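This report refers to the structure that appears directly beneath it.
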Amino acid sequence: MIRKLKYLALLFLPLLSYGQQAAIMNTNMQIYASLQGKPVAWATTIVEIHLDKNTGAFEVLLITDHLSLAMTNPDFVPTGENLGKVLSLRGTIPIYDVLNNNSNVMNMNIDMIANFNNIDFPTNFAFSILRLNPNDRKGFSVMVKGSLSISKLNITNLEGFDDELGISLSFTGI
């Protein structure tokens, strides 16, 4: 009997550690930079986003292979050296403030940790969170903007770019 209980505990323990995950939809990420005064941009709709509705733990995972060149620059030739690498963004949204907010829109700055090339980079992102139906407090739309340092994350195929890499992320969820 005790053996069966231990087995059941091992089966359900991973589920308990994830909390209540929000169902995320309609993701869109844009990354933009400047090379010799001319813009370059990448975009994707394939972004993995986790948001725990109990703790506010927020994580974004982007595999660079999913990025498409959205705005070309004649001075930039992609090398493919970052294929297979993952950009992650982690932070905590003050979930109780969001859930108990009586207005439709909340604007806040959230401290985040970006990780690329196994290098952590602390940064701050601006969040705009819109409740789609304020009465049921379930559906939401999120816009996120911030920037990363190309040099501090050691993104080697972007030498010659201005150091700031802009990030825009949008998604909806319930």
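The values are calculated or read from the model by the stated rules, or taken from the named source; none is laboratory data. As the structure is a computational prediction, the values presented were derived from the model and not from experiment. With ideal geometry, Cβ positions are generated from the backbone for all residues, glycine too; neighbour counts draw on all protein chains shown.
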key: Hits in region 153-174 - residues which are under 24 Å from THR72 (Cα atoms) and of a type outside the set (A, V, I, L, M)   = ASN154, THR156, ASN157, GLU159, GLY160, PHE161, ASP162, ASP163, GLU164, GLY166, SER168, SER170
inquiry  = Anything in region 37-63 that is closer than 14 Å to ALA23 by Cα and of a type in the set (Lys, Arg)? List them, or say none.
reply    = LYS53
ask   = Looking only at residues in region 155-174 that are in a strand (DSSP E or B) and of a type outside the set (A, V, I, L, M), which one is modelled with the lowest pLDDT?
value = GLY173
inquiry  = I need the full set of residues from region 126-154 which are in contact (Cβ under 8 Å) with a residue 24 or more places away in the chain, farther than 18 Å from MET29 by Cα and in a loop (DSSP other than H, G, I, E, B), in order please.
reply    = LEU132, PRO134, ARG137, LYS138, GLY139, LYS152, LEU153, ASN154
ask   = Any idea which of (1) modelled with pLDDT under 95; (2) farther than 20 Å from THR172 by Cα; (3) assigned to a strand (DSSP E or B); (4) not basic (Lys, Arg) is the one MET106 doesn't satisfy?
value = (2)
inquiry  = Could you go through region 107-125 and let me know if any residue there is hydroxyl-bearing (Ser, Thr, Tyr) and free of Cβ contacts under 8 Å to residues at least 60 places away in the same chain.
reply    = yes
query = On the given criteria, is LEU87 surrounded by 15 or more Cβ atoms within 10 Å (Cβ to Cβ), touching a Phe, Trp or Tyr at 6+ places or on another chain (Cβ under 6 Å) and more than 22 Å from ASN26 (Cα to Cα)?
reply = no
key: Qualifying residues in region 86-108 (those that are within 21 Å of LYS152 (Cα to Cα) and not hydroxyl-bearing (Ser, Thr, Tyr)) - the one nearest to the chain's Cα centre (by Cα)   = LEU89
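A quick yes/no check of all residues on (1) over 15 Å from the mean Cα position of the chain (by Cα); (2) in contact (Cβ under 8 Å) with a residue 60 or more places away in the chain:
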{"residue": "GLN36", "(1), (2)": "yes, yes"}
{"residue": "LYS53", "(1), (2)": "yes, no"}
{"residue": "GLY56", "(1), (2)": "no, no"}
{"residue": "VAL60", "(1), (2)": "no, yes"}
{"residue": "THR64", "(1), (2)": "no, no"}
{"residue": "LEU67", "(1), (2)": "no, no"}
{"residue": "ASN73", "(1), (2)": "yes, no"}
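Okay, residues lined up against (1) touching a Pro at 6+ places or on another chain (Cβ under 6 Å); (2) surrounded by fewer than 16 Cβ atoms within 10 Å (Cβ to Cβ):
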position	(1), (2)
GLY91	no, no
ASN104	yes, yes
PHE125	no, no
LEU132	no, yes
VAL144	no, no
message = If GLY80 meets every condition in (1) at pLDDT below 95; (2) within 30 Å of ASP97 (Cβ to Cβ); (3) loosely packed, with under 14 Cβ neighbours inside 10 Å apart from one, which number is that one?
response = (2)
message = Within region 41-48, does at least one residue satisfy the condition of being modelled with pLDDT of 95 or more and of a type in the set (Phe, Trp, Tyr)?
response = yes
task = Assess whether ASN109 counts as being at positive phi and surrounded by fewer than 16 Cβ atoms within 10 Å (Cβ to Cβ).
result = no
